[in-house]
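What follows is one structure encoded as structure tokens, with my remarks underneath.
Taken together, the values in this text are just the output of simple stated rules run on the coordinates, not laboratory data. On a predicted model such as this, the values are computed, not experimentally measured, just so you know. All Cβ positions, glycine included, derive from the backbone under ideal geometry; neighbour counts span all protein chains shown.
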């Protein structure tokens, strides 16, 4: 009964979204208020129905209703309750349902925070989002319904959740990532709405920017969580794999950064309208493309879902309909939005333009690398897999270049920077940057490679530019007081420093990583860098739904005990595969990382020790970036002055 | 008048055109998959394994049990609709006296047992695998079919649902040939 109720909720939601898609736009055309204001109750209704469906599915999981096929395939009576809940979104059907729930949540959020947006724009945005949610609801009901029953032979017990997914980060990684992923549908809807009914570009960017920032912040956090999970769960200490699914989330992230900066120009200077709109559409297009690539099984990866070509075909048709229409509309209407305005070579505009080009190129590189195996096999040139070497070779120079452009851009002014002013700024920036770079290089002199050197100097340049900019601001704000500096100003610097921190972390981890795989007997000591690892033997441990071999390793530095770690090999009772539970002693400057290998004869074991310096900086940097983006949103809310501008008549 | 501002700037159509060609390419890929995926296997021999028997989870099946005779190895899952399409064909092949083994990928043994009782069982051995064997075989998705000879050497590898045509055109002659050469060696 409960699953059928959930099914019914989804069908009703489909009807609601169909109404939302048709009636409000019709109301706008016919100028009937009752019709177009119908969008509001419909949005509420959609959200509540989908929330109910989602909760009902969760209920089926908690009550172990194995007559539901999806529950039987992904849960088990022995599974702890929090994993039973997270199992809801652990596979294809449930995660698509969560996608839809989040989409409805975003729609409601837009509706509730729309005081400054003109009504016709809001209605159009809701209606376009209604179209997207309609597509996904239809997808769920037609090809991946989580409420299907397993009758007439329901199993006694479920298949259990895949052990790799029984983990804290995996409880929160998908929801957070999806909030970001789905969130880019909001800027997309705003872009389309703008193309249908033109508005003043600066006003429009003011409405879109907070949504883009929030979506991007969550995407950043989601990607970082995924990377953190891969680091401690997959057992070999990598933090980025250039796996097709990672790439699928990384591409919208890159274009999202470009979009954020393009929106900044659009708001301040009403420039690059076409480019901004193009980015808005493309970012969401890449979100959908990523979903398609992952769910259709065209590319295989750690994240592979149950494949089904029907799903792929549906998603591709939906993708081409939504994005194709948007691009067609773009081709038809975007001409009327461009207002050429002069700006100098030495200006923030120019720097942001270069930043956008770099990010666009980076995104293209990732896209090409991801699709390359498909292109090659379609030309019958054999099986190719594009691995880290391709991405690293092309990505490293781009990243370093971006750092230099970022630092330089921070010292520029809008429209035109006077050369003497610029040079005087650089005069104070260069010593700071040199000092920082020198300290960094001396610290890591033993491992200094050209790449590391360039990365460190690039990072120093950005930090110097930030310091310079903040002191300049302080001097200017002297009389009025520092509290007048807006929060979004701090947000910007916070995000930029986060990027620097993440890049520093990535560069240093790559350059300074030390690892050793050894065969050990109890009592043996292995030395790695400054650390001694003592292997104290293996014991058997029983968990709630698994048995494991647990090793004990004591770590010393200069004869002082630093940590005791317990890496494991787990055998889950209901599954046949064995998972490696690595053990980490985390630290701000280094992680000690141990993975237990295979048992050999006579209590011998293989074991892998790693010292990974600065690896935490990657994720801390990501958190700073997300925090920076959220500060920008908050700053805008706290200073309603930014939000209030005269709503001018549309410029056509 | 209207045509004037219909697509005034042709370059603005560029994103649309690029996007559409990408979609066409992906659509092509999606449908091409089954027919272009007869390939020389990258793995030369059936790897060593010891995995549970689907029909009796207490027992295991090892590589040695599989070897000794030419056989088809069909990799499938109960949740994969394409795999079930192949089922009647496999039954037919089995009736003609060919040997078929199955690797059941991430599936529920109980369901499959029930299902095979109703539909008939073409498999001599049905190995339950959660990914270790399939990964070492280089399997990308289900269903896939391998042809192995008596020594475990992989002769053919086909990605996608096996069709009557592919069976008769490629697998059957190779199967006969492999059986023949094994007999000569003996």
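Kindly put A:472, B:98 in sequence by how many other C-beta atoms sit within 10 Å of each C-beta, fewest to most.
Ranked by crowding around the Cβ, least crowded first: A:472, B:98.
Using 0.36 nm per residue of separation minus the Cα-Cα distance, give me the extension gain between residue A:202 and residue A:268 in nm, one decimal. Walk me through the numbers before you get to the answer.
Working: separation 66, 0.36 × 66 = 23.76 nm, distance 0.67 nm.
Value of the extension gain: 23.1 nm.
Once label points are set 7 Å from the Cα along Cα→Cβ at both residue A:446 and residue A:421, what is their separation, rounded to one decimal in nm?
It works out to 4.8 nm between the two label points.
Computed from the mean reciprocal separation of all distinct C-alpha pairs, what Kirkwood hydrodynamic radius does the range A:1-161 have, in Å?
Values: mean 1/r = 0.0607 Å⁻¹.
For the range A:1-161, the Kirkwood estimate is 16.5 Å.
For the residues A:115, B:136, A:17, A:411, what sequence is obtained by ranking on other C-beta atoms within 10 Å, fewest first? Walk me through the numbers before you get to the answer.
On the way: A:115 8, B:136 13, A:17 31, A:411 23.
Listed from fewest to most nearby Cβ atoms, that is A:115, B:136, A:411, A:17.
Averaging over every viewing direction, what projected area does the convex hull of the Cα atoms of the range B:38-185 cover, in nm²? Walk me through the intermediate numbers first.
Numbers: hull surface 32.0 nm².
One quarter of the hull surface, i.e. the mean projection, equals 8.0 nm².
For every helix of n ≥ 4 consecutive DSSP H residues, a contribution of -39,500 (n - 2.57) applies; sum these over chain A, divide by its total residues, and give [θ] at 222 nm rounded to the nearest 500 deg cm²/dmol.
On the way: 20 runs with 411 residues, N = 652.
So the helix-based figure for chain A works out to -22000 deg cm²/dmol.
If you count, for each residue, the other Cβ atoms within 10 Å and average over each peptide, how do B:18-27, A:201-210 line up from highest to lowest?
On the way: B:18-27: 15.8, A:201-210: 22.5.
Result, highest mean first: A:201-210, B:18-27.
Test of understanding: ordering A:270, B:144 by Cβ neighbours within 10 Å, fewest first, what list do you get? It would help to have the intermediate numbers written out before the result.
Values: A:270 19, B:144 24.
Listing A:270, B:144 from fewest to most nearby Cβ atoms yields A:270, B:144.
Mind giving me the nanometre distance, one decimal, between the label points for residue B:58 and residue B:25, set 7 Å out from Cα along Cα→Cβ?
In this crude spin-label approximation the distance works out to 5.6 nm.
Can you tell me the length gained on complete extension of the stretch residue B:11 to residue B:153, counting 0.36 nm per residue apart and subtracting the Cα distance?
Values: separation 142, 0.36 × 142 = 51.12 nm, distance 5.51 nm.
Contour length minus Cα-Cα distance gives 45.6 nm.
Kindly give the semi-axes, whole Å and largest first, of the ellipsoid equivalent to the protein assembly as shown, taking each as the square root of 5 times a Cα gyration tensor eigenvalue. Display every interim value, and only then the final one.
Numbers: eigenvalues 458, 266, 130 Å².
Computed over the protein assembly as shown, the values are 48, 36, 26 Å.
Taking 7 Å along the Cα-to-C-beta vector as the label spot, tell me the residue A:55-residue A:600 distance in nanometres, rounded to one decimal.
Result for the modelled spin labels: 5.7 nm.
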